[in-house]
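The values are calculated or read from the model by the stated rules, or taken from the named source; none is laboratory data. Remember, predicted model here, so these are calculated numbers, not experimental data. Cβ: placed from backbone, ideal geometry, glycine included. Neighbour counts: every protein chain shown.
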Amino acid sequence: MTWSELENLKRFKRFDFSLYKYLIDVFGKRGDKAFFYVKERRVKRYRDFFVVVGREEYIVDERFCTCRDFQFNLKGKAPCAHIIAVEVARNLKMYDEVDAYYIDFTSISARRGWRFGG
């Protein structure tokens, strides 16, 4: 699993079994998760980067992701599931566009002492 294998995703023109098989064969469990994120429309394109909604919202910008897997396990040497999902979604135009700048409202409210939902 290397960065160069992301380039091979450009040859896929449809969201189908052949893409899924490639993702599993090359990226393993991370490829499976990436396929799920795209299938479930969890990839969002903001003005200057992407966000993938998993357990949390992960910011993806080129070869960087805010998830723990990318930062601690992979240490930036290989793509995480969120980066793979963004590449698939970008190539197939399967993302939601958000015409805004990203703001983490829950983080802001926590710093101000606001509480949501109870």
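Yes or no, residue by residue, for (1) among the charged types (D, E, K, R); (2) out of contact with any His (no Cβ under 8 Å at 6 or more places or on another chain); (3) at pLDDT 95 or above:
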position: LEU6; (1), (2), (3): no, yes, no
position: LYS10; (1), (2), (3): yes, yes, no
position: ASP25; (1), (2), (3): yes, yes, yes
position: ARG55; (1), (2), (3): yes, yes, no
position: VAL60; (1), (2), (3): no, no, yes
position: GLN71; (1), (2), (3): no, yes, no
position: GLY76; (1), (2), (3): no, yes, no
position: HIS82; (1), (2), (3): no, yes, yes
position: VAL88; (1), (2), (3): no, yes, yes
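Being under 12 Å from ILE83 (Cβ atoms) and either touching a strand residue (DSSP E or B) at 6+ places or on another chain (Cβ under 8 Å) or among the small types (Gly, Ala, Ser) (or both) is a property that does not hold for PHE64.
Consider the stretch 61-76 and keep the residues that are under 12 Å from the mean Cα position of the chain (by Cα) and hydrophobic (A, V, I, L, M, F, W, C). The one that is farthest from ASP48 (Cα to Cα) is PHE70.
Residues in the stretch 30-44 that are under 22 Å from GLU7 (Cβ atoms) and either buried (at least 20 other Cβ atoms within 10 Å of the Cβ) or within 10 Å of the chain's Cα centre (by Cα) (or both): ARG30, GLY31, LYS33, ALA34, PHE35, TYR37, VAL38, VAL43.
Among the listed residues PHE64, PHE49, PHE15, PHE27, which satisfies the condition of being surrounded by fewer than 20 Cβ atoms within 10 Å (Cβ to Cβ) and touching a helix residue (DSSP H, G or I) at 6+ places or on another chain (Cβ under 7 Å)? None of the others qualify; the one that does is PHE15.
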